[in-house]
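Each value in this text was obtained by applying a stated rule to the coordinates, not by laboratory testing. Bear in mind that the values here come from a model prediction, so they are computed numbers and not experimental data. Because the Cβ atoms are built from the backbone with ideal geometry, glycine has one as well, and the counts that use them run over all protein chains shown.
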Amino acid sequence: MAGEASLIGKSYEPFEYEVGREKIREYAHVVGETNPVHFDPHAAHEAGFRAVVAPPMFAAVYSAGAVAPAMLDPTVGMNFAMMVHGGQEFAWWELVYAGDTITTTASVRDISARETMKFYVFESVSVNQDGLEVTRGTWTNIERGG
Amino acid sequence: MNIRQGEPIPELRVTPDRYLPHRYAGASGDFNPIHIDPEFAKQVGLPSTILHGLYTMGLVARANVAAAGGDPRALRRLSVQFRGMGLPEKEIVVRGTVREVSGSGALIDTEAEQDGNRIVRNAVAELAG
């Protein structure tokens, strides 16, 4: 498709997510976390944390709202009927706590073809209210028969 | 961190119940009908509703944090490949082996298997030392 090279590096509106304690608890419960620092503010304080701590993969929750518009961008043109989530990477720095405001910016990192498959790779960079980086995500979608 | 090169990390075994994808949808905001509507899933050629890949990745993350002693700060990086699909009501087993231990931490090769299918492959976790 013409113009794909020019999409690489395209970035999207930052997405702001306010981290609620009950949302962390809900998420932690669903994925089977048992560490009380994800549920109980007293346990979190005793362990030296300033508030209830989000499990690392809560990154998927606060950054999804930034990545979705990139994936749905008609100029990127992914065919969702043929799409699978092929791979995912996260790198973590600062912990995310209940009460934080996380701002995530997504961009197109790469679009490439291999045999009959097409790879769409997006990047997300998330920072907290102090401007400290909390997570970087790499989202790989594979379109079959592309 | 009590892990040594070449040794396995403790296995994590989880059997997601039938409604787990609904609860994960609520927790994550991903309401793609392939995860919550059995009829829709069948229409698009799936056996039934399937698990969210990022849920299964969450189990892989849990197994690695547990291997590091339970501190959520221990997990510095995790990359996974999703293959096949995870299903509710069948046991998932997360296994890992310590590839390398260095002064700054450890690399753990991990995978998640269900019913003989390796639904998460080539996962690599980087744990802080």
Check your understanding: Looking at this structure, is A:Val96 within 14 Å of another protein chain (Cβ to nearest Cβ), among the β-branched types (Val, Ile, Thr) and more than 14 Å from the chain's Cα centre (by Cα)?
Key -> no
Review point. Within the set of pairs 6+ apart or on separate chains, which have a first residue in segment B:91-108 that is of a type in the set (D, E, K, R), a second that is surrounded by fewer than 14 Cβ atoms within 10 Å (Cβ to Cβ), and C-beta atoms under 7 Å apart?
Key: B:Glu91/B:Arg13; B:Glu91/B:Thr15; B:Arg95/B:Pro8; B:Arg95/B:Glu11; B:Glu100/B:Gln5
Practice item. Tell me, yes or no, whether segment A:90-106 has at least one residue that is outside any loop (DSSP other than H, G, I, E, B), out of contact with any Lys or Arg (no Cβ under 6 Å at 6 or more places or on another chain) and under 16 Å from B:Gly53 (Cβ atoms). Key: yes
Review point. Here are A:Ala81, A:Ala91, A:Ala51: which of them is facing chain B (nearest Cβ under 9 Å), surrounded by fewer than 21 Cβ atoms within 10 Å (Cβ to Cβ), over 15 Å from the mean Cα position of the chain (by Cα) and aliphatic (A, V, I, L, M)?
Key: A:Ala81
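The rows are residues; the columns are (1) over 18 Å from B:Ile119 (Cβ atoms); (2) in contact (Cβ under 8 Å) with a residue 12 or more places away in the chain.
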| position | (1), (2) |
| --- | --- |
| B:Asn2 | yes, yes |
| B:Pro10 | yes, yes |
| B:Asp17 | no, yes |
| B:His22 | yes, yes |
| B:Ala41 | no, no |
| B:Leu46 | no, yes |
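Evaluate segment B:16-27: report whether one residue or more is touching a Lys or Arg at 6+ places or on another chain (Cβ under 7 Å) and either within 12 Å of chain A (Cβ to nearest Cβ) or on the phi < 0 side of the Ramachandran plot (or both).
Taking segment B:16-27 and keeping what is touching a Lys or Arg at 6+ places or on another chain (Cβ under 7 Å), we get none.
No, segment B:16-27 contains no residue that is touching a Lys or Arg at 6+ places or on another chain (Cβ under 7 Å) and either within 12 Å of chain A (Cβ to nearest Cβ) or on the phi < 0 side of the Ramachandran plot (or both).
Among B:Val93, B:Val80, B:Val124, B:Val101, which is the only one that is within 16 Å of A:Gly32 (Cβ to Cβ) and in a strand (DSSP E or B)?
Exactly one residue qualifies, and that residue is B:Val93.
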Review point. From the set of residues in segment A:60-76 that are more than 20 Å from A:Ser126 (Cα to Cα) and surrounded by fewer than 16 Cβ atoms within 10 Å (Cβ to Cβ), which is farthest from the other protein chains (Cβ to nearest Cβ)?
Key: A:Thr75
Practice item. Name the single residue, out of those in segment B:44-73 being within 9 Å of chain A (Cβ to nearest Cβ), over 24 Å from B:Glu89 (Cα atoms) and of a type outside the set (Asp, Glu), that is surrounded by the fewest Cβ atoms within 10 Å (Cβ to Cβ). Key: B:Gly70
Revision key, fill the gap. Subset of segment B:13-43, residues surrounded by fewer than 18 Cβ atoms within 10 Å (Cβ to Cβ) and among the hydroxyl-bearing types (Ser, Thr, Tyr), comes to B:Thr15, B:Tyr19
**Study point:** Leading residue by the ranking (nearest to the other protein chains (Cβ to nearest Cβ)) among those in segment A:16-48 that are more than 17 Å from the chain's Cα centre (by Cα) and acidic (Asp, Glu)
**Key:** A:Glu26
